[in-house]
Amino acid sequence: MAWTMQAITSTISTSLLLILLGLVILLSLTARVVADSVKENLTVTVVLDDDVQTTEAVHLLDSLQAMHYVSGIDYISREQALQEQIESMGIDPTEFLGANPFSISMEVKVKPEYSCNDSLEWIAGELRASKLVADVLYQKDLVESLNRNLHRASFFLLAIALLLVIISLSLINNTVRLSVFAHRFVLHTMKLVGAKWSFIRRPFLVKGFWLGVVSALIADAVIFGGIYWASRYDSSILSYITKENMIITGVSVLVIGLVLTIVCTFFSVTHCLKMRVSELY
């Protein structure tokens, strides 16, 4: 009964630590998805010359869509720009100007890996090289602020993950060591009758393996159950927590759980085997 209670206690404590680690891993992966989503919405506005014809603009559009850094383009014709102006301001400029004052423009969405100022400056330079382009605009300050905040968030999450790993290693090691220490006399007896250390370790390592598996499965069940519960109230959560990231989180929790429990069990048993007779009491 005592061993059963120790196993239950060890499983619960290990599961709680793995839940925390799993949440940090999932949060880090989700933050990357959110960051990529924000970066994909960053646009480079390409304003064409007033005298550019529609056929020329369409040809430029086709050539831009073939560029490796482009993820999408919104083509805005003169008529569309005029209509948007009328809808937003309630004023028709053609009534007092006598003509449509707007030029053809394109909202170029770049791929996330190109959403930094160095890449955007290079892209803007390439776009300005075209004779059809009058100006290229993008929010430089917003890009700098976004990338700076993303780096800070990544560093913060990494620091938390490392701290949790250290805490988990310490607590799981103490939990396993107490369980092994309760069997110190059995270990000493087996050592006296000539059993090899690898033979003595084997059953404890098997228990450590199952401790890691069961704890990881419980942790994964709690994490995924929490996601399912949260998605019932806000389905948009699933647009950021992808299946791929959930699989990575589940596998990571399982691997971390196995590594921690097996390594801690190995060193705990070895520590007990090295103990002298006087240290057993």
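Structure above, values below:
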| quantity | calculated |
| --- | --- |
| Region 14-47, subset hydroxyl-bearing (Ser, Thr, Tyr) and more than 26 Å from Leu258 (Cβ to Cβ), residue farthest from the chain's Cα centre (by Cα) | Thr45 |
| Filtered residue count, region 225-249, keeping only those that are more than 17 Å from Ala31 (Cα to Cα) and modelled with pLDDT of 85 or more | 4 |
| Total residues in region 14-41, condition crowded, with 18+ Cβ neighbours inside 10 Å and outside any helix (DSSP H, G or I) | 0 |
| Pick from region 213-242, criterion of a type in the set (S, T, N, Q) and in a helix (DSSP H, G or I), ranking: surrounded by the fewest Cβ atoms within 10 Å (Cβ to Cβ) | Ser236 |
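The values are calculated or read from the model by the stated rules, or taken from the named source; none is laboratory data. As the structure is a prediction and not an experimental result, all values here were calculated from the model. Positions of Cβ are backbone-derived with ideal geometry, glycine not excepted, and every protein chain shown enters the neighbour counts.
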